[in-house]
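Everything on this sheet refers to the single structure shown next.
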Amino acid sequence: MQRLTRYFLVPQQCYRFITDWSPWLTGAFLLTLGYGLIAGLCFAPADYQQGDGFRIIYVHVPSALLAMGIYTIMTTTALISLVFRIKLATLVMQISAPIGASFTFLALITGSLWGKPMWGTWWIWDARLTSVLILFFLYLAFIAVRAAISDPWARDRIAAWMAIIGFINIPIIHYSVLWWNTLHQGATLTVFNPSIAPSMLYPLLSMIIAFALFYLILLCQRLCADILYQERKAAWVQEILHELT
Amino acid sequence: MSATPCLHLNHFEAHTETQTLFNNINISLAGGSLLHIQGPNGSGKSTLLRMIAGLKPHQGTVFWQDSTQKTVNIESELFYFSHQLAIKLGLTVQENIRHLQSLHGGHSENLSSILEILGLHSKRNTLAEALSQGQQQSLALAPLLWGTQKLWLLDEPFVALDSKAKRWLSQLLNRHLAQKGWVILASHEKIEYLEHPIEPLFLGALDA
Amino acid sequence: MNLHEFYTMGGYAAYVWPAFAVVLGIFGGQWILAKRHRRKIILKIKEVSCDKIIK
Amino acid sequence: MLKQFKILLEHELKIHYRHGAEWLTPLVFYWLVVSLFPFALSSTQSILRQSAAGIIWIALLLSLLMSLPRLFQSDLKDGSLAQYCLRTSSLMPYISAKLLSYAVLYIIPCLLLTPLLALLFYLPAHSIFILLLTLCLGSPILLLIGSLGAALTLKARESSALLALVIFPLYIPVLILALNCVNLAEQNLPIGALLAYLAAYCCVAIALIPLALKSILKIGVT
């Protein structure tokens, strides 16, 4: 526990920790992304129903998962920053928002690129698509509110409340949309077959890991910069700056 | 530390993006003393008052020790006045006083005597928006007449008042200080008619 | 799978390739933004510390 | 506390009463928006009847959005919000008086006007009744979520467009529940379960949102 707090609560330690580990992160990302792309695009067999069009799920599913996962991370860090007033949590929350929004955007775009050949339209008011669209709006609202408040103290706190309120509403929105959808349309269309061949599954898992790693890399990059700015008066930051020039 | 009640302000500091307004303000005030915060515009007088009131985030601590040296939270014991008068322009003088009485509590005095002191007796049924700046300000200061708050935080309380109003405000300050209350006051002007010693605090010296 | 099949993606090329392209585009964009953010902040810190020295 | 609530409520209503026709603007706006739709869609009876409930709900949302940014703004500007936040015990009476006066001034007139507007859309009496029922259960939720949005955007620049972005995604469940209620009733299907969901949502919102408001307003005054 003590080691943990030393790593994550002392800015300098945190910075060192991140810079020490980021080459490994990048390596792992390139590895998993490379395997996922090559295996997913070349070696995985075509789906017997959807043909080669199914390969879009190799980017669609990871984006959708990350879109939801990042919002969960944002809410968790929002709670931590409200309750324990830890600066690092606030930073993670604030950095995650635009990244999460871009993953949500990707999920929408790739979903619609998948939908056109499969359903014949770019968009249907399917429960899953609609929920993701609303998630995208929640992200945008979070970013917009943060951008509109100038006082940093109030901004962080209001943003944390926004994240929490949005999170509470996600299940409400999801179930109401699901219910609304089943009332108005027939069966919902599913992306996967329930059982998926391992040669299709492994690239997918690899892509999911790659996307998550990419999120971590971006997070670390921005976190490092923000920590430097926050501690700009400390001696160790000045030293690092000297090393950089 | 003496047995008389004492108010402590510890470790107050404020920074703007580029400079430090003030730091390391540590003050202990015995009951019955007035702290007069002085300094040029933008030196952080209002900021310090807002911080003490708890309307601005700060790292400092405010507490007071009563005669048994018990530490008490001051939150419910302060009256804060600023140029945002917090009176309702759409209400009449009388309604505003009722509003202030419900907000600040304390045993309420006779309404007409309050109006008499404020010099607003003839305007009791006028809307507050029709009052002059000075009259609005005395209306906003009215809770000092009946309130039981121990710590008064006054941000430029004299600025628009005429000499008569200045006098009754000074009298109120005298009475409050005689009852071992605390006053923290930010003002450009010299404080007149005051029988108690003033402890000055100069802000803005850091920048020079 | 031969090269031609790979390009055409069994007739789905118009959907599969744009999907991957958008993903890579956004990834690249995010990467560049993060780098630029870092550079901007370092410049900002240097400015502040230079001010101090001049004073 | 109850006494303070009464005084605050009385004063709040008085202020608005003296400001004259302020409460009228959202009402007229509501009416206007609703009467735009026949021009945009068609004046055919069947089309109007089908979309009546949705139009009325959307118009209500929009008229609410018109007046919501002012909810706490004036009290923030004249400094009284800071005074309520300093006296923590007076924050709850303040919030409840504010919300209640707002409902009386802006929402209830709209609800009273609704049956007349529904008649313009050829809605049968039974459907009008159900529509009103959902509006009565749903509008408190709209107001509470809206006040949450108003508190969150209190310190923001250009708050009204931002407010829409914050609150409209949160309104979707209410819209779905209420409008499906009306649709089902039109087909003579049972709606008890839906009404129960709406009522439960309303109760939870009334219980929890004021508590959140309390903390958010305190952030807002700093």
**Prompt:** In nm, to one decimal, how far is the D:LEU36 label point from the D:SER160 one, both placed 7 Å along Cα→Cβ?
**Reply:** 1.3
**Prompt:** Could you give the dipole magnitude of the protein assembly as shown about its Cα centre, charging the beta-carbon of Lys and Arg +1 and that of Asp and Glu -1, in debye to the nearest 20?
**Reply:** 580
**Prompt:** Per residue Cα convex hull volume for the range D:116-209, in cubic angstrom?
**Reply:** 99
**Message:** So if I place +1 on the C-beta of Lys and Arg and -1 on the C-beta of Asp and Glu, and nothing else carries charge, what would the dipole magnitude of the range B:134-194 be about its Cα centre? I want it in debye, nearest 20.
**Reply:** 280
**Request:** Taking the Cα centre of chain B as origin, sum charge times position over the Cβ atoms of Lys and Arg (+1) and Asp and Glu (-1), and report the length of that vector in debye to the nearest 20.
**Result:** 380
**Helical contribution to [θ] at 222 nm, DSSP H n ≥ 4, -39,500 (n - 2.57), averaged over chain A, rounded to 500** = -28000 deg cm²/dmol
**Asked** For helix C:13-54, what angle does its Cα long axis make with the longest principal axis of chain C, in degrees from 0 to 90 and rounded to 10?
**Response** 10
**Request:** Place a label point 7 angstrom from the Cα of A:VAL10 along the Cα-to-Cβ direction, then list the residues of the range A:216-237 whose backbone nitrogen is under 19 Å away.
**Result:** A:224, A:227-237
**Message:** If I stretch the segment between D:GLN45 and D:LEU62 completely, what's the gain in nm (0.36 nm per residue apart, minus their alpha carbon distance), one decimal?
**Reply:** 3.7 nm
**Fill in**
A correct Karplus calculation of ³J(HN,Hα) over the range B:33-49, with 6.51 cos²θ - 1.76 cosθ + 1.60, θ = phi - 60°, whole Hz and x for Gly and Pro, returns 10, 10, 9, 9, 8, 10, x, x, 4, x, 8, x, 4, 5, 4, 5, 5
**Request:** Would you work out which of D:ALA178, D:ILE107, D:LEU131 lies farthest towards the positive end of the dipole of chain D, given +1 charges on the beta-carbon of Lys and Arg and -1 on that of Asp and Glu, about the Cα centre?
**Result:** D:ILE107
**Modelled FRET efficiency - R0 35 Å, A:LEU65 with D:ASN188, Cβ distances, 0.05 increments** = 0.25
**chain D - percent relative contact order, Cα under 8 Å, separation 6 or more** = 27
**Complete:** Semi-axes in Å, largest first, for the protein assembly as shown (Cα gyration tensor, √(5λ)) are 54, 39, 18
**Prompt:** Amide H to amide H, which residues 5 or more places from B:GLN38 or on other chains are under 5 Å from it, using H placed in the peptide plane?
**Reply:** B:LEU201, B:PHE202, B:LEU203
**Message:** Straight-line reach only, C-alpha to C-alpha below 18 angstrom: list the aspartates and glutamates that D:LYS3 could link to, leaving out same-chain residues fewer than 8 apart.
**Reply:** B:GLU95, B:GLU109, D:GLU12
**Message:** Taking every alpha carbon pair in chain D, what does the distance histogram look like in 5 angstrom bins from 0, in percent?
**Reply:** 1, 7, 14, 17, 19, 16, 11, 7, 5, 2, 1, 0
**Asked** With each pseudo-label sitting 7 Å past Cα toward Cβ, what's the A:HIS242-A:GLN230 distance in nm, one decimal?
**Response** 2.5
**Request:** Please grab the % of Cα pairs in chain A that end up more than 34 Å from each other.
**Result:** 27
**Fill in**
For the range A:22-235, the charge dipole (Cβ of Lys, Arg +1; Cβ of Asp, Glu -1; about the Cα centre) points to a positive end, and the Cα of A:ILE99, A:TRP179, A:SER112 closest to that extreme belongs to A:ILE99
**Prompt:** Based on the alpha carbon coordinates of the range B:1-59, what radius of gyration and maximum Cα-Cα distance (Dmax) apply, in Å?
**Reply:** 12.8, 42
**Item:** Inter-site label distance for A:PHE17 and A:ALA197 at 7 Å from Cα along Cβ, in nm
**Value:** 4.4
**Request:** Find the all-direction average of the projected area of the Cα convex hull for the range B:83-208, expressing the result in square nanometres with one decimal place.
**Result:** 8.6
**Complete:** At R0 = 30 Å the Cβ-Cβ FRET efficiency linking A:THR121 and A:TYR175, nearest 0.05, sits at 0.75
**Request:** Starting at the first residue of the range A:113-128, write each ³J(HN,Hα) from the Karplus equation 6.51 cos²θ - 1.76 cosθ + 1.60 with θ = phi - 60°, in whole Hz, x for Gly and Pro.
**Result:** 5, 7, x, 4, x, 7, 9, x, 9, 6, 8, 10, 7, 6, 4, 5
**Asked** Please state the relative contact order of chain A as a whole percent: Cα pairs under 8 Å, 6+ residues apart?
**Response** 33
**Asked** HN-Hα J couplings of the range C:2-7 from phi, Karplus 6.51/-1.76/1.60, θ = phi - 60°, integer Hz, Gly and Pro as x?
**Response** 8, 5, 5, 4, 4, 5
**Asked** If you take the charge dipole of the range A:22-235 about its Cα centre, with +1 on Lys and Arg Cβ and -1 on Asp and Glu Cβ, which of A:MET200, A:LEU213, A:PHE43 is farthest toward its positive end?
**Response** A:LEU213
**Asked** Can you list the residues, at least 5 places off or on another chain, whose amide H is less than 5 Å from the amide H of B:ALA30, using H built in the peptide plane?
**Response** B:LEU7
**Prompt:** What FRET efficiency comes out for the pair B:GLN133/B:LEU111, r = Cβ-Cβ distance, R0 = 22 Å, nearest 0.05?
**Reply:** 0.40
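Coordinate-derived values only; no laboratory data. From a predicted model like this one, the values you see are computed outputs, not experimental measurements. For neighbour counting, all protein chains shown are included, and Cβ atoms are generated from backbone atoms with ideal geometry for every residue, glycine included.
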